[in-house]
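Enquirer: Dropping a structure here in structure tokens format, bear with me for questions.
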Amino acid sequence: MNIFSFGVEFSSEEDCIFHFKAERDKIGVSCKCGKTDFFWIKSRLSYECKSCRKRTSLRSGTIMENSNLSFLVWYKAMFLMSATKKGFSAKEMQRQLGLKRYEPVWAMMHKLRKAMGKRDERYTLEGMIEMDEGYFTVESRELEQEKGIRGRGAVGKQNVAVMAESTPLENIETGETSKSCRYFKAIVLEDHTAEGINETIKESLAESSIVFTDQSTSYVDISQLVEIHISEKSSKETTKDTLRWVHIFISNAKRNLLGNYHKIKRKNLQLYLNEFVYKLNRRYFEDKLFDRLVIASITEV
């Protein structure tokens, strides 16, 4: 969907409400009493349970609940966030939407990023997996700057576990092999311990996976959690061949975040990574990405 088709299909608040309701009706609405049969009250933009007569607003149970922003503003934000590979800062989004206050825009975008992350949490990677850690620039506090920590816990850096589902492909005629990559995950780690890595592996990868890593001491238990763990000493060859897609991801993600956002607080880094990973994993969806984001805004609360 380009900007012209979006403007035609969603030219008014009513257009957005009609589309949002249609998508929510497909998913289904459930009352607290357990029933799923409702009357639609157009004047109230609410569902009324046929059994207990309790009303549920169209926004209730979605990420738009308790938001004072119009459906049209939400739809424009979802379109802008899904239309480009690069991200939008909240300040730029505020300017594009023509809104006076910054805070509601910032909150809206983080809610959408959270929904993106929850959608990707549903899926685990499987098959051949590349895994490594990347160190992303974050805003550092004055206390951290005074300590001047170097190395793995360096000031202004946050470690992130990055996993890439890479699939070897063989040309039947020539016998040449190459790798493609399907899906990614990026999880902000709380520390540098093996326990943190183990928990990430359990939540993100299928037990039948074959995992390739370097020989970091944090990866000592991975072989107990997956079918096969292959580790290689960190080198230029490892980065170029064995962990190729992971490092392409880290490089592109760093460039994307630094180029679009002034400063990222450590506590918000996961949200920004959610958006980057969500769009990357759906890079072939094209105009369907907007519709998927609308669905995520309804289901991933």
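The values are calculated or read from the model by the stated rules, or taken from the named source; none is laboratory data. This one's a predicted model, so the numbers in the text were calculated from it and none came from an experiment. Every residue, glycine among them, receives a Cβ derived from its backbone with ideal geometry; neighbour counts consider all protein chains shown. The accessibility values were calculated without ligands, DNA or RNA, using every heavy atom of the protein model including side chains. Shrake-Rupley method; radii C 1.70, N 1.55, O 1.52, S 1.80 Å.
Enquirer: Could you work out how far helix 269-281 tilts from the main Cα principal axis of the chain, as a 0 to 90 degree angle to the nearest 10?
Expert: 90
Enquirer: Per residue, how much accessible surface does the chain expose to a 1.4 Å probe? Answer in Å², no decimals. Don't skip to the answer; put the middle values down first.
Expert: Numbers: 17110 Å² over 301 residues.
Roughly 57 Å² per residue, with all protein chains present.
Enquirer: What angle do you read, to the nearest 10 degrees and between 0 and 90, between the alpha-carbon axis of helix 244-260 and the longest principal axis of the chain?
Expert: Relative to the chain, helix 244-260 is tipped by roughly 50 degrees.
Enquirer: Can you figure out the FRET efficiency of Ser235 with Thr193, using R₀ = 25 Å and their beta-carbon distance, to the nearest 0.05?
Expert: In this case the efficiency is close to 0.55.
Enquirer: Another one. Please list Phe39, Phe88, Phe285 from largest to smallest accessible area, probe radius 1.4 Å, with all protein chains kept in place.
Expert: On the way: Phe39 90, Phe88 35, Phe285 65 Å².
In descending accessible area the options line up as Phe39, Phe285, Phe88.
Enquirer: Let me ask another. When the helix-only estimate is applied to the chain (DSSP H runs of n ≥ 4, each -39,500 (n - 2.57), divided by the residue count), what is the mean residue ellipticity at 222 nm, nearest 500 deg cm²/dmol?
Expert: On the way: 10 runs with 121 residues, N = 301.
That calculation yields -12500 deg cm²/dmol at 222 nm.
Enquirer: At a probe size of 1.4 Å, how large is the accessible area of Lys263, to the nearest 10 Å²?
Expert: 120
Enquirer: Could you tell me how far the Cα centroid of the range 225-255 sits from the Cα centroid of the range 4-23, in Å?
Expert: 43
Enquirer: So how much slack lies between Glu48 and Glu227, counting 0.36 nm per residue of separation and subtracting their Cα-Cα distance, in nm?
Expert: Numbers: separation 179, 0.36 × 179 = 64.44 nm, distance 5.07 nm.
Between Glu48 and Glu227, full extension yields 59.4 nm more.
Enquirer: To the nearest 10 Å², what's Tyr47's accessible area with a 1.4 Å probe?
Expert: 10
Enquirer: Further, regarding this structure: Quantify, in whole percent, the carbon and sulfur part of the accessible surface of the range 14-133 (1.4 Å probe; protein heavy atoms only). The partial results should precede the final answer.
Expert: Values: 3250 of 6660 Å².
Here it works out to 49 percent.
Enquirer: Pairing the Cα long axis of helix 71-83 with the longest principal axis of the chain, what angle in degrees results, from 0 to 90 and rounded to the nearest 10?
Expert: 30
Enquirer: Roughly what % antiparallel, to the nearest 5, for the DSSP beta bridges in the chain? Walk me through the numbers on the way to the answer.
Expert: Working: 26 of 36 bridges.
In the chain, DSSP labels about 70 percent of beta bridges as antiparallel.
Enquirer: Further question on the same structure: In debye, nearest 20, what is the charge dipole magnitude of the chain about its Cα centre with +1 on Lys and Arg Cβ and -1 on Asp and Glu Cβ, if you could check? If you can, show how the numbers build up before the last one.
Expert: Working: 49 positive and 42 negative charges, 348 e Å.
For this selection, approximately 1680 debye.
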